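Report on the structure given below.
Please treat every number below as a calculation from the coordinates, not as lab data. Not measured: the values here are computed from a predicted model. FYI the Cβ positions are ideal-geometry reconstructions off the backbone, even for glycines, and counts take in every protein chain you see.
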Ligand code: GDP
Ligand code: MG
């Protein structure tokens, strides 16, 4: 079985954009995983790994469940549940422009309880002035160095792929 990476985070932080940026041109198979079809959408992709590639399955948990605009709690709960169950590595995504939100705190609280590696990914750092904003997210209590990226313009992608390879 390939390693599984789940992207977790509240709506609009850029989960789908990251998936497309990282893997858009390298997606080989798109399939709901048999048996747990209703629980997750896995995309099988080739991740650059040093001078080769390795196949991983990426789960964009944002595609799971129904988003109720008035109550985001159950949506996030479902993401974390699926990630817990299915993933070998969790990418926890936040938005540097919004700073730490209550929902980020809630997701972090749930992720801290897991015995799986979690990488904090601070997205929308489109310009260098946003890089220092990353420090504010340390209070989420996620182990390890946060990574600043711009899923939109591609900044930080090389560092992110390197980190993923270290953690898997
Ligand atoms: P998701 O709900 O977490 O899957 O978020 P999406 O990938 O749908 O992105 C939500 C919005 O944020 C879209 O309008 C994206 O174009 C925008 N977005 C995503 N990544 C970035 C980024 O790195 N910088 C900026 N400025 N906007 C971004
Ligand atoms: Mg999405």
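Which length gain, in nm to one decimal place, applies between residue 159 and residue 12 when the Cα-Cα distance is subtracted from 0.36 nm times their residue separation?
On the way: separation 147, 0.36 × 147 = 52.92 nm, distance 2.24 nm.
Result for the pair: 50.7 nm of gain on full extension.
Could you compute the FRET efficiency for residue 138 and residue 115, with r as their C-beta to C-beta distance and R0 at 22 Å, rounded to 0.05? Walk me through the numbers on the way to the answer.
Details: r = 21 Å, r/R0 = 0.96.
For residue 138 and residue 115, the calculated efficiency is 0.55.
Return 49, 122 ranked ascending by Cβ neighbour count within 10 Å, so the fewest neighbours appear first.
Details: 49 15, 122 25.
Lowest count first: 49, 122.
Starting from 0.36 nm per residue, how many nanometres of slack lie between residue 85 and residue 1 once their C-alpha separation is accounted for?
Full extension from residue 85 to residue 1 adds 28.8 nm.
Going by C-beta contacts inside 10 Å, put 16, 150 in order with the fewest on the left.
Details: 16 14, 150 21.
In order of increasing Cβ crowding within 10 Å: 16, 150.
When 13, 161, 45 are ordered from fewest to most other Cβ atoms inside 10 Å of their Cβ, what list results? Numbers along the way, then the final one.
Numbers: 13 27, 161 14, 45 23.
The most exposed by this proxy come first: 161, 45, 13.
Taking 7 Å along the Cα-to-C-beta vector as the label spot, tell me the residue 100-residue 20 distance in nanometres, rounded to one decimal.
3.1
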